[in-house]
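Here the structure is laid out as structure tokens; the discussion comes afterwards.
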Amino acid sequence: MTTLQKRTEAVTVIGAGPYGLSVAAHLRDVPTVVLGEPMESWRAMPSRMYLKSVWSASSLADPDGTFSLDRFSSERGGATRDAIPLDFFIDYAEWFRRQAVPDVTHAKVTQLCHRDGEFRLLLSDGREMQADRVVVAIGVRQFPYVPDFARDLPASLASHTGDHVSLSDFRGSSVAIVGAGQSALETAAILHDEGARVEIISRKPVVWIKRILYGRYGPVSRLLYPPTDVGPPGLNWLCAAPLLMSRLPVGVRRKIELRSIRPAGAQWLRPRVDGRIPITEGAEVIEASPAGDGLSLRLSDGTSRQVDHLMLGTGYRPDVRKISFLDSALLPELAESDGFPVLNQWFESSVPGLHFVGGLAGRTFGPICRFVAGARVAAQQVSRRVAELN
Ligand SMILES: Cc1cc2nc3c(=O)[nH]c(=O)nc-3n(C[C@H](O)[C@H](O)[C@H](O)COP(=O)(O)OP(=O)(O)OC[C@H]3O[C@@H](n4cnc5c(N)ncnc54)[C@H](O)[C@@H]3O)c2cc1C
């Protein structure tokens, strides 16, 4: 491996999605390197998608709130929208990046080592870097959950919803979708629009987020729904306070997490699914085997299906042990629970100077870490820690 350039930076941020960009924006007074492809995960989603999260929960975070979605929209002469189109959000993030984080190094980290209190990073372009502090902001896309019954199937027969930028190849095909979260439901709607014959198979009844009072009654609505809008009424204010959440007993946190991220679809999506796409509820796929050019599915309700393709809307399970660039000597130093790094209030792991933000911080700070809305607290905490030490 050639060492093209060697440099020491105070902080290196791995990832240039909403979390990496927000952390870097908060570190504007500190020498910081940001690595990754800006908004890579979002650019890999089907372009006809809309955000599930509401307007008030979808701004990236800079210290003064200067580069908000509101400001971007008003500069473009637009207004608040009920459902934010994916391409609008990507344009907004690019506008944020240009102003708040102009320098991003478009390279992947292939190895991260920790020796004598310093981090060494190898990059996909052959470069080597050193850093005093590293913030891992790689999102969850590299941790798709694939159930056992689908693990050995070829990609032509079974895929995860996260595998597709376009779904037009499925025109005329029969596709069974497993799951009832936003990804599964929206993928079903797009596939239907693309001319596929779709069926949704869900263990539990499909739930549509109601938010009956959302935005209707001014101050009353604001009491019921924090701007972050993660979790059901009653738990949503707790989810909006991740530092408080991190102090709760782990069992309580887990229960809140499970209740807050249960699969559900946004209300605006409902007319595109209800009455248009068959839904089998209360059943799960227990076996999937190749048959002819397609797949034969056996369901827990005793029925079976013959389909061309199985689409897994089964979500993501972040696991620090599966991060391919973490050096094997670093892993034993890293305390984890169930695949999540154990973090202190600064989002810092048991390896001093190594932080995790976004989905990987979810077990400590709760479900907000799975959403853009959690980027502000994470960025503030990391930057406070850096300021404290500088
Ligand atoms: C279909 C779908 C819809 C969603 N809708 C919403 C929504 O409406 N609202 C919401 O708040 N959230 C939504 N989410 C969740 C959303 O993905 C997260 O909120 C958000 O992307 C988290 O940001 P992040 O910065 O942690 O990760 P990501 O956005 O995934 O960014 C990860 C970054 O890490 C970089 N990276 C990865 N590996 C490396 C490496 N080895 N070296 C260098 N860089 C690396 C990538 O290039 C990228 O820049 C959705 C997710 C999906 C899958």
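Things worth noting here:
- Sub-7 Å Cβ pairs linking a first residue in the stretch 78-104 that is buried (at least 16 other Cβ atoms within 10 Å of the Cβ) to a second residue that is basic (K, R) and in a helix (DSSP H, G or I), at least 6 apart or interchain, are I90/R43; V104/R97, ordered by first then second residue.
- Whichever residue in the stretch 39-74 is under 14 Å from A93 (Cβ atoms) and charged (D, E, K, R) and, among such residues, is farthest from the ligand (Cβ to nearest atom): R71
- Out of S324, S289, sole residue that is within 16 Å of the ligand (Cβ to nearest atom) and of a type in the set (S, T, Y): S324
- A search for C-beta distances below 6 Å between a residue of the stretch 328-355 that is on the phi > 0 side of the Ramachandran plot and in the same structural domain as T12 (by TED's automatic domain parsing) and any residue that is assigned to a loop (DSSP other than H, G, I, E, B) and buried (at least 19 other Cβ atoms within 10 Å of the Cβ), counting only pairs 6+ apart in sequence or on different chains, returns F347/V357.
- The set of residues in the stretch 302-342 that are part of a strand (DSSP E or B) and polar (S, T, N, Q) comprises S304, Q306, S337.
- Any hit, the stretch 192-208, residues being out of contact with any strand residue (DSSP E or B) (no Cβ under 7 Å at 6 or more places or on another chain), surrounded by 18 or more Cβ atoms within 10 Å (Cβ to Cβ) and not acidic (D, E): no
- Filter pass, L295 being assigned by TED's automatic domain parsing to the domain that holds V175 and out of contact with any helix residue (DSSP H, G or I) (no Cβ under 8 Å at 6 or more places or on another chain): yes
- Number of positions in the stretch 195-218 that are at pLDDT 95 or above and touching a Phe, Trp or Tyr at 6+ places or on another chain (Cβ under 6 Å): 1
- Restricting P341, P332 to those that are over 30 Å from L297 (Cβ atoms) and either crowded, with 19+ Cβ neighbours inside 10 Å or in contact with a Lys or Arg (Cβ under 7 Å, 6 or more places away or on another chain) (or both) reduces the list to P341.
- Looking at V109, V140, V135, V146, just one residue is touching a His at 6+ places or on another chain (Cβ under 7 Å) and closer than 30 Å to P352 by Cα, and that residue is V135.
- Among the helices (runs of 4 or more DSSP H) confined to the stretch 28-115, the ones with at least 3 residues that are of a type in the set (A, V, I, L, M, F, W, C) are located at 86-100.
The values are calculated or read from the model by the stated rules, or taken from the named source; none is laboratory data. The model shown is predicted, which means the values in this text are computed figures rather than measured ones. A quick note on method: Cβ atoms are made from the backbone with ideal geometry, for glycine too, and the neighbour counts reach across all protein chains shown.
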